[in-house]
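Derivation of every value follows stated rules applied to the coordinates shown; laboratory data play no part. Because the structure is a prediction, the values reported are computed rather than measured. When we count neighbours, we look across all protein chains shown, and the Cβ atoms used for this are built from the backbone with ideal geometry, even at glycine.
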Amino acid sequence: MLTLDHLAVSAATLEDGVAMVEDRLGVRLAPGGQHPAMGTHNRLMALAPGLYLEVIAIDPDAAPPGRPRWFDLDRFAGPPRLTNWIARCDDLSAALADAPAGCGQPMSLARADLRWQMAVPADGRLPFDGLFPALMAWQGTLHPAALLPETGCRLVGLELYHPQAEALRAALQGRLNDPLVAVHPGDRPELRALIDTPAGRRVLE
């Protein structure tokens, strides 16, 4: 079974992404780090126990990874926006065997003391225009959310909009049982996160 792990806000630069999220939610993001294998870097914010948000962008100081980056960041353009959601599991190989084609192959990754495996598509593009979750499995008991300061923010809903909503809902059926995640018909692929903040409810999209 899959569990919602974190949300990804993509940005052309990390500074732009952080500024957007901090302005929208009215809280400060915590430091993150670098991902040498992907040539990216991030900043983080807690959303609940075992749940967080990351702002991620290509790291201009990192060496090119020699392959397409995750979250289709090589093709990213425009203002910062919520582009992906990530689901964790206990057995990544088993989850991939039962997932739609195109979810990727497991990569072993690390950042500071964190260790995990993540399925990264060969072309960087996840199924359903990125609205199918990226699949991962943490190695050990350490999780980023437990290391982040409390912000008073809580995710209260993750809304997925897609022209093929029924197919996306079917692809998630039996794999994810989370009342926070809802799939709706939409004219174009879109993610919306409803977040309660100290200043009231806000929407990231």
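Assorted remarks:
- Dipole in debye (nearest 20) - the chain, about Cα centre, beta carbon charges: Lys, Arg +1; Asp, Glu -1: 80 debye
- Protection proxy ranking for 69-76, 111-118, using the average of other Cβ atoms within 10 Å per residue and placing the highest first: 69-76, 111-118.
- Point-to-point label distance, residue 107-residue 123, nm (Cα→Cβ direction, 7 Å offset): 1.7 nm
- The chain, Rg to Rh (Cα coordinates; Rh as Kirkwood inverse mean 1/r): 0.92
- Residue-averaged [θ]222 nm for the chain, counting only DSSP H segments that reach four residues, each worth -39500 (n - 2.57): -4000 deg cm²/dmol
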